[in-house]
Structure formats: C-alpha cells, structure tokens
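Comments concern the structure below.
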Amino acid sequence: MNIDLSHRLKGVVEFLIESSSRINEAKPQKYWYPLSMASYGVEEILQALDSMCSFRTTMWEKTREFERQFAEYQGCREAVMVNSGSSADLLLSFLLTSPPENMLSPGDEILVPVVTWPTQVWSPLMAGLKVRFVDVDPATLNLSIEDLERKITPKSKAIFLVHVMGNPCDMDRVLAVAKKHGLLVIEDCCESLGSEWAGRKVGNFGVGSAYSFFFSHHMTTMEGGMVVTDDPEVADRLRVLRAHGWLRNIEASHVHLEGRAGIDPRYAFVNWGFNVRPTDLQAGFGLEQLKRLPMFTERRLAQAGRFFGFIDGVSCLSRPQVADKASPIWMSLPVMVEDSAPFTRDEITAWLEERGVETRPIIAGNLQRQPVAKLFDCFTDEPFPGADRVHDRGFYVGLSPMTEDETTERLIGCFEEFLRLKGC
Ligand SMILES: Cc1ncc(COP(=O)(O)O)c(C=O)c1O
C-alpha cells in the first residue's frame, strides 16, 4: 500500500476502533475479567486492509514471510502456516500415515493424554491410527509418565504430547520412554508457545509440532495455526497435505516431476491432501503480533507470577506444579480445588461467574466422560483417576497480556473474598 494511503487509513482505523470501543463500553458487560481480550490493534488491521487493497488475500508473500520469522522465533528450520491449530494437528497426524513414506500404518497405536483439546484426538483417529488414552498427573495437568509406560503395547508407535496451558511436559522422561520403545514423538503446542524445557522451546523435541493462533492464545491471527519441523522434507510433505496434494510451493518439485512428461507443474498432484491454507490477512496479523510477542510474554509472566504467588499462599487451592527444568509461558491461569477445601469447584466458579469473572473447565476434562465417547471405540470404561480429578476439581480463568495490574489485583481480591467467606 502506498505510504500516503496507509497514513490516511491509519487515522480512519484509529477512529473506528475508538468509536467501537465507546459503543462497547456503553453496553452492559457480563464480565470485567473475561477469558480473553483483543490483543491486536491498528497495525494488524492495516496489514489486513493492505492485503485486500492489493488483491493479495489468499496465501501469498506475507504467509511465506510469517513462516520464515516464526521458524526463526521457534529456533527450527521450517514452519508451515495453516488456518487453525486443529488443522495443524490434522496435518501432523496425516504426515504419519500418508503415502509414500507411511511412517505409521493404519491401526498402529498412538498414545494421547485423555485431558486435551478434542481435535488432538480426532486428528489421529481420522488419519487411521488407533488412539490409546493415557491418564494425566493432576499435579501438573500433563500426561502421567507412569501411565504412559503402562499403556505401551507392541502396537504402540507414537506419542502425541500436549503441554497443557503452557506447562511443559517432562521431556527428559518422555524422550527416554520414547527411545526405549522406539516411539515417534509429535507435540501439540497450541497452548504453549514460547514455553521451554531445559532452555529449549517446546515443539522442538519431535518430528513436528502444532500451534494455534486462535483469538485467546499467546498470539493471534484471528483464526490460524502453524506446524513446525526441523526437517525440510517433512515440511514439503506438510505443504503438499496443506493444499490439495499438489506440488506448488515445494522445494524439490522437480524431483517429483521426473519422468512425468505432459504434466503441467502448476497442476501436478503427488499425494492426497486438504485445503487448510491460511489467508495473507492472517499472516499479516501474525507478522505484527510477532513484534508484540516479547511484550505479551513479559505481561503473561508478570501476571501469572502475581496470581500463582497468591494461590501458593492458600491451602484450599493449588496451581500446576512446574518441574525444575520447565519455564512455562502460561496461556491461562489453571487452579485446582484441594481435598481440604470446604467448598466444591462448582461453588467457587459459580461465585466468580456471578461477580463478573469468566471461568472454564480445564479443557474438555476427562474426554472419556464427554457425550462423544459413545461414538468411538478408543473410549472405553477404563478408569482415569488423574483425569477425573482434573475434571471434577479443576478450572481456569483467563490470562491476557492486555490486562492491567490493577485488574489482576481485583481478581485476587475476588478470590480472597470467597475464601474469607468459606473460612479458608
Ligand atoms: C491443546 C490444543 N490443541 C488444539 C487446539 C485447536 O486450535 P484451534 O482452535 O486453532 O483449532 C486448541 C485450541 O484451543 C488447543 O488448546
């Protein structure tokens, strides 16, 4: 966009944002502490307008640039942008079972924690794998290594990890188990952008990993996601799966075309695939959000430090334990109601909701207890005591980098008032 137009548009966008904020402020708001707040502003909107005004709305140069910068941020070689975190999970799963490499075969088992976002489970199921659920450790919310070892059978071929709410799994132990049993590792990092294990970013420990840029996550592209990998060949296979199974945007495209006279390289199909491409509007958002990410991280760390510091001084409530080697960048603020508490999880969340604090269960709780469980035979009636505890006693409140310190203090005050009433 030319500089003059961009300057004039900036004024218009600022005016529109201000007017819409005034209109929204005048409306009665249910929550003064919502789960999430808009973390984008004029620059992201200008990027989107620029894509529309230059008629480059579909995946184009901004996507490639965002992928390059994201890979640099992540400290890996390749990043492939998609339209959501769920699509990132889907591509990772199909990467494992798709020809011609067929890293895994239909019916092979993949171990997945039973407390997670459901699309992490649907993806391997759709890709033809057999999902074997692993219980979680309610102290960390992450998969239980003891149960992981118990669930391994000769058919187990992979582990699909998730670092819940930003808390890194114990990667030393996970990798030791994976090595011992020859299991592939893939990571769902949709809740853990920037979190580290032993100074290394999560998402860099396996074949590849998935990220979400949904509105409430560490950074947003409205909807959006990313798959990262250190292997350029894997990245090319992901690009094929991302768009129709065709050869476009593939580094080694000439290799696939050898001996295929008469095939137009623009319409050359080398595999099956989806269409889960992002738009350049989303990538433009991503480029601006990456600039803000250091500030977002600082704010997340400061607020989580203050809130968890308060929870640590309360005996009826607890927050996830963090291993010595883990450096979480929290996505939200998860809390567990302890056995000693003279109140239930539902009582405290109802009290908070009535006073304008939005709450949620810890992801889907024990997935085995969801209505969908009756549809698929990976769900059985086997017990998951850790997941049940998270299901019955866990909840979370939001964590937005846009929240002011005073609002975090007000949130803590709200918890304090409830605990005083209950005599804790
Ligand atoms: C762990 C996890 N995986 C996957 C997803 C899916 O991401 P998206 O909403 O971008 O599809 C989410 C979304 O919240 C998530 O928390």
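The values are calculated or read from the model by the stated rules, or taken from the named source; none is laboratory data. Given the structure is predicted, the values throughout are model-derived calculations rather than measurements. Cβ coordinates were reconstructed from backbone atoms using ideal geometry, including for glycine residues, and neighbour counts include every protein chain displayed. These accessible areas exclude ligands, DNA and RNA; they are computed on the full protein's heavy atoms, side chains included. Shrake-Rupley method; radii C 1.70, N 1.55, O 1.52, S 1.80 Å.
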Handout entry: Cβ-based net charge around Val134, under 12 Å, with every Lys or Arg adding one and every Asp or Glu removing one
Key = -4
Fill in the blank from the handout: Shape call for the chain, from the Cα gyration tensor axes a ≥ b ≥ c (a/c under 1.5 means rounded, otherwise prolate when a/b beats b/c, else oblate), comes out oblate
Practice task
Round to a whole angstrom and tell me the spacing of the C-alpha centers of the range 131-200 and the range 24-87.
Solution key: 29
Exercise for the section: Counting only C-alpha contacts under 8 Å and six or more residues apart, can you give the relative contact order of the chain as a whole percent? Expected result: 21
Fill in the blank from the handout: One can check that the equivalent ellipsoid of the range 6-94, built from the alpha-carbon gyration tensor with semi-axes equal to the square roots of five times its eigenvalues, has lengths in Å, largest first, of 31, 21, 12
Completion exercise
accessible surface per residue for the range 293-421, probe 1.4 Å, DNA/RNA/ligands not counted, whole Å² -> 46
Exercise for the section: Have a look at the DSSP beta bridges in the chain and tell me what percent are antiparallel, nearest 5. Expected result: 60
Exercise for the section: Quote the relative contact order of the range 50-284 in percent (integer), defining contacts as alpha-carbon pairs under 8 Å separated by 6+ residues. Expected result: 26
Fill in the blank from the handout: Classified through the alpha carbon gyration tensor (a ≥ b ≥ c as square roots of its eigenvalues; rounded if a/c is under 1.5, else prolate when a/b is larger than b/c, else oblate), the range 293-421 comes out prolate
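Within 11 Å, Cβ to Cβ, of Gln368, how many net charges do the neighbouring residues add up to if Lys/Arg are +1 and Asp/Glu are -1?
Summing Lys/Arg as +1 and Asp/Glu as -1 gives -2.
Grab the beta carbon distance between Lys155 and Thr58, set R0 = 45 Å, and tell me the FRET efficiency rounded to 0.05.
On the way: r = 41 Å, r/R0 = 0.92.
Here the calculated transfer efficiency is 0.65.
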Practice task
Please turn the phi angles of the range 20-30 into ³J(HN,Hα) values with the Karplus equation 6.51 cos²θ - 1.76 cosθ + 1.60 (θ = phi - 60°), one per residue in order, whole Hz, x for glycine and proline.
Solution key: 5, 5, 5, 4, 5, 5, 6, 7, x, 9, 6
Fill in the blank from the handout: Per residue, accessible area of the range 50-284 with a 1.4 Å probe, heavy atoms of protein chains only, in Å², comes to 40
Completion exercise
Taking a ≥ b ≥ c as the square roots of the Cα gyration tensor eigenvalues, with a/c under 1.5 meaning rounded and otherwise prolate when a/b beats b/c or oblate if not, the range 50-284 comes out oblate
Practice task
State the percentage of accessible surface on the range 293-421 attributable to carbon and sulfur atoms; use a 1.4 Å probe and exclude ligands, DNA and RNA.
Solution key: 50
Exercise for the section: Mind ranking Cys424, Cys169 by accessible surface for me, highest first, 1.4 Å probe? Expected result: Cys424, Cys169
Exercise for the section: Calculate what fraction, in whole %, of the accessible area of the range 50-284 sits on carbon and sulfur atoms when a 1.4 Å probe is rolled over the protein chains. Expected result: 54
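Distance check, please: which entries in Lys151/Lys201; Lys201/Lys291; Lys62/Lys201; Lys27/Lys291 exceed 21 angstrom between their Cα atoms?
Lys151/Lys201; Lys62/Lys201; Lys27/Lys291
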Problem - Rounded to 5, percent antiparallel among DSSP beta bridges of the range 98-251 - result: 30
Handout entry: Residues listed by number, the range 212-240, amide nitrogen under 20 Å from Arg200 label point at 7 Å toward C-beta
Key = 227-235
Completion exercise
Here the cysteines of the chain lacking a cysteine partner under 4.7 Å (Cβ to Cβ) are Cys53, Cys76, Cys169, Cys189, Cys190, Cys378, Cys414
